[in-house]
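Colleague: Questions regarding the structure given below will be posed in turn.
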Amino acid sequence: MSVSAEAFGYVADLVRTHSAIQLTPGKEYLVESRLMPLAREKGLSGPTAVESYVREMRRRADRSEVTRVVEALTTNETSWFRDNSPFVVFRRHVVPAVQSLHPGPVRIWSAACSTGQEPYSIAMTLLETGESRFSVLATDLSTAVLAQARRGEYSQLEMNRGLPAAMLIRYFARSGAGWAVKDELRRTVTFTQHNLLSPPPSGGPFDVVFLRNVLIYFDAATKRDIFTRIRRVMRPGAFLILGAAESTVGITDAWERVATPYGSVYRVPGGTS
Ligand SMILES: C[S@@+](CC[C@H](N)C(=O)[O-])C[C@H]1O[C@@H](n2cnc3c(N)ncnc32)[C@H](O)[C@@H]1O
């Protein structure tokens, strides 16, 4: 059984307010399946468990429960070197360009990083080029995914999704039935909780921002606001790397689209190279 229209509307409003994620009608099944474990934890069961859970939550207006509901409705799908070509563009085009922008370490922000595969893939790419003067700030709304990212522990199934064998051997060690990131890689990435609806985290100005596979959940006005905030913490000549289904077209002209032989990226005008 699915949640009532009223309970669905309440949860959709809550999630929109706290994360900007749009739960459009038809996503009732998602609310039902994602909130069922929370309802079970409260001892609720049967076809009306989620409905009762939402009713009780509304009554108590408990902030930590709101956080749990919002986090439960985020989609955390990710993998190592996801889609591959952005990492080829990054290695071959972006890294050489930003290395000549200024003499300091390269600063990268992986926004909406989920369980860490993206920022660790960025860091492995840089280490493989021989670059060691860099830092990766990795942020996400969800404290649950950040906890795993910080631990740097992954199951065999997670490791099988896109990680080349040579990288596995160099950067990971066995940990129980799974694998753990070695210190050489772990110390290059800092994880912090951050909501894209808030002002950007400190640590900028950034040379590269990865903002991948999260804008798809937002409406145009939210995307525009997020682009405006992110642009402010990127230095002239810095690069923005979006997901395959995402673009700045029709939303902002704050970046120039740069077509490379390996795929497109967006660049803040004014860099020296
Ligand atoms: C599909 S994952 C993408 C992970 C990674 N960037 C990738 O491309 O593989 C989307 C992530 O966005 C996060 N997210 C959703 N809304 C957010 C918000 N308002 N602020 C920050 N992160 C958010 C979710 O928690 C989730 O981990």
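Colleague: Once you have the Kirkwood Rh of segment 234-273 from its Cα pairs, apply Stokes-Einstein at 4 °C and 1.567 mPa s and quote D in µm²/s.
Modeller: 122
Colleague: Further question: Just how large is the dipole of the chain about the Cα centre, in debye to the nearest 20, putting +1 at every Lys and Arg Cβ and -1 at every Asp and Glu Cβ?
Modeller: Its charge dipole is roughly 520 debye.
Colleague: Hey, in the GNM for the chain with a 10 angstrom Cα cutoff, which one of Ala144, Ala245, Ala180 fluctuates hardest?
Modeller: Ala245
Colleague: Can you give me the Cα centroid spacing of segment 152-183 and segment 77-95 in angstrom?
Modeller: Here the answer is 18 Å between Cα centres.
Colleague: Can you compute the modelled spin-label distance between Arg186 and Ser2, with each label point 7 Å from Cα toward Cβ, in nm?
Modeller: Between Arg186 and Ser2, the label points sit 4.4 nm apart.
Colleague: Continuing with the same structure: For Phe172, what residues show an amide H to amide H distance below 5 Å, using hydrogens built from the backbone and excluding near sequence neighbours?
Modeller: Lys182
Colleague: For the chain, what is the mean residue ellipticity at 222 nm derived from helices alone (per DSSP H run of n ≥ 4: -39500 (n - 2.57); sum divided by total residues; nearest 500 deg cm²/dmol)?
Modeller: -11500 deg cm²/dmol
Colleague: Post the alpha-carbon centroid distance, segment 100-123 to segment 41-66, in whole angstrom.
Modeller: Cα centroid of segment 100-123 versus Cα centroid of segment 41-66: 38 Å apart.
Colleague: Can you give the relative contact order of the chain as a percent, counting alpha carbon pairs under 8 Å and 6+ residues apart?
Modeller: 18
Colleague: Mind giving me the nanometre distance, one decimal, between the label points for Ala61 and Ser247, set 7 Å out from Cα along Cα→Cβ?
Modeller: Each label point is offset 7 Å from its Cα along the Cβ direction, giving 4.5 nm.
Colleague: Roughly how many nanometres apart are two label points built 7 Å out from the Cα toward the Cβ at Ala173 and Leu44?
Modeller: The modelled label-to-label distance comes out at 4.4 nm.
Colleague: Also: Compute the Cα gyration tensor for segment 85-267, then decide on rounded, prolate or oblate, letting a ≥ b ≥ c be the square roots of its eigenvalues: rounded whenever a/c is under 1.5, prolate when a/b is larger than b/c in the other cases, and oblate in all that remain.
Modeller: It is prolate, given that a/c is not under 1.5 and a/b is the larger ratio.
Colleague: Take the alpha carbon gyration tensor of segment 5-72, find the square roots of its eigenvalues, order them as a ≥ b ≥ c, and report rounded if a/c is under 1.5; if not, report prolate when a/b exceeds b/c, else oblate.
Modeller: The shape class here is oblate.
Any read-out appearing in this document is the output of simple, stated calculations on the displayed coordinates, not a laboratory observation. Computed from a predicted model, the values in this text were never measured in an experiment. No Cβ is skipped: glycine too gets one built from the backbone with ideal geometry, and neighbour counts run over all protein chains shown.
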